[in-house]
Each structure stands twice: as C-alpha cells, then as structure tokens.
Amino acid sequence: DTEVTQTPKHLVMGMTNKKSLKCEQHMGHRAMYWYKQKAKKPPELMFVYSYEKLSINESVPSRFSPECPNSSLLNLHLHALQPEDSALYLCASSLEGSPELFFGEGSRLTVL
Amino acid sequence: GQSLEQPSEVTAVEGAIVQINCTYQTSGFYGLSWYQQHDGGAPTFLSYNALDGLEETGRFSSFLSRSDSYGYLLLQELQMKDSASYFCAHSNQAGTALIFGKGTTLSVSS
C-alpha cells in the first residue's frame, strides 16, 4: 500500500465553524506533513511531525491545529478560518530522512 | 533566507527534449528534489540529487552542481502526458520537510 488517503476531498465551511481534515498512511512512514497550496502556486509547508511529535511549525496561525494521534494518522483541526485560508490542503508522508514524499490527493477547502 | 528560482513556463512539442532549470539560495543544503504535479492531482516524486552529477530515471534525468547552486530536470521524448507543473525542492535539514520552488508549467503540444 503506497497511498496517502485524505478525507474529506472537498469541504465548505463558514468562518465560525470547526472542522477537521484527516490523513492516513500505512507505509510505516514516521514523518508526516501538512502543506497548503493555492492555485498556480507551490505547496507551502505548514507542519511536520516526526515520530508523532511536532517538529516544525512554519509560523502557522493558531486557527490551524495539527494532531498526530498515532503513527498512521494525521489530523488538521480548523477553527475560525478566514476566506483567504481557502486552498488545497495536502498531507504527505515519508521515511525519516528521505526526500521522497508521498502526497495524498488533498482536501480542497472553501471558507465562506 | 531560502529561495529556488525556476522558469514559470516552458512549451515544447511531442518527441522533443526540454530542460527545466533551478537555481537556489539557502543557508543549508541537503540535496535537490524534483516533483511533478498534474492539474488537480497530487505532487509525485521524480528524482533526487544529493551529490553533483546526473541521475537518470527512464526518460527523466536530473543534474546538480552544488558549486553553482544549480540543478536541472531533463525530460526526453516528450509526451502529451508530460504536460504538468514541475517543482524543484530542497531541504535545509537532513531529511526534513521540503521547501518547493515556484514551479514550471510545461505544456507539450502535438
């Protein structure tokens, strides 16, 4: 299984809502990542987890809250988002120390 | 700071050869990766160079010159399905998260 599965594929939420994005992999990867991608732009790093511990937070606003419940799962909790947060949110995983990231298809988020 | 510069667009015809350049500035460097992303799809890994020289993987090759802070992706025998965005990326710490260049949109026509 070389897949990273993200749910939901699409999400529409209001600025007062609370929602979560989920990511799952069963490749035994101990590094997991959240990236944000706007249209026609590169993926922009948000968070990195290494062995279920948060190792990098790229100065992401606190309205985004990551969680890594176990080595296979990664969540991104969303609260009080702004319309400019609308984007494709990509989850990725890799072997520790490897430059080969496996990306999921992403969750396309629209904030109204 | 860190930056990776790539051309924004490249066009070519089927069967041709295309080279996408990437120059970088970074405080630490652990190698250069290349990713492909089709419209609406996920980025997929193509190649990685940790050392100077050429890495070949089928129709795709990647080159790195650390002394010149420069690399390129070479795509041979272009096919229509190669139309996509191509990103160079690097990490400034060994094996940790990748920072992506702005990307190059490749359009292949018949």
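The values are calculated or read from the model by the stated rules, or taken from the named source; none is laboratory data. On a predicted model such as this, the values are computed, not experimentally measured, just so you know. Because the Cβ atoms are built from the backbone with ideal geometry, glycine has one as well, and the counts that use them run over all protein chains shown.
Check A:LEU54, A:LEU78 and return the single one that is under 16 Å from A:GLN6 (Cβ atoms), outside any loop (DSSP other than H, G, I, E, B) and more than 8 Å from chain B (Cβ to nearest Cβ). None of the others qualify; the one that does is A:LEU78. Taking the conditions (1) outside any strand (DSSP E or B); (2) surrounded by 15 or more Cβ atoms within 10 Å (Cβ to Cβ) in turn, A:ALA39 satisfies each one other than (2). Flag: B:GLN76 does not match the condition of being touching a strand residue (DSSP E or B) at 6+ places or on another chain (Cβ under 7 Å), more than 17 Å from A:SER98 (Cβ to Cβ), at pLDDT 95 or above and not acidic (Asp, Glu). Close Cβ contacts (under 6 Å, 6 or more residues apart or on different chains) running from residues in region A:34-63 that are under 13 Å from A:TYR89 (Cβ atoms) to residues that are of a type in the set (Lys, Arg) comprise A:GLU44/A:LYS36; A:MET46/A:LYS36.
All of B:GLY40, B:GLY71, B:GLY101, B:GLY31 fail the test of being at the interface with another protein chain (Cβ under 9 Å from one of its Cβ atoms) and touching a Cys at 6+ places or on another chain (Cβ under 6 Å), apart from B:GLY101. Quick one: is B:SER107 more than 9 Å from every other protein chain (Cβ to nearest Cβ), modelled with pLDDT of 95 or more and either surrounded by fewer than 20 Cβ atoms within 10 Å (Cβ to Cβ) or touching a Gly at 6+ places or on another chain (Cβ under 6 Å) (or both)? Spelling it out, B:SER107 is indeed more than 9 Å from every other protein chain (Cβ to nearest Cβ), modelled with pLDDT of 95 or more and either surrounded by fewer than 20 Cβ atoms within 10 Å (Cβ to Cβ) or touching a Gly at 6+ places or on another chain (Cβ under 6 Å) (or both). Just one residue in the set B:GLU5, B:GLU77 is charged (D, E, K, R) and over 13 Å from B:GLY101 (Cα atoms); that residue is B:GLU77. Taken over region B:31-63, the criterion of being of a type outside the set (D, E, K, R), surrounded by fewer than 17 Cβ atoms within 10 Å (Cβ to Cβ) and at pLDDT below 95 is satisfied by B:GLY40, B:GLY41, B:ALA50, B:LEU51, B:THR57, B:GLY58.
Applying the set (1) farther than 16 Å from B:PHE45 by Cα; (2) touching a Gly at 6+ places or on another chain (Cβ under 6 Å) to A:LEU90 leaves exactly one unmet item: (1).
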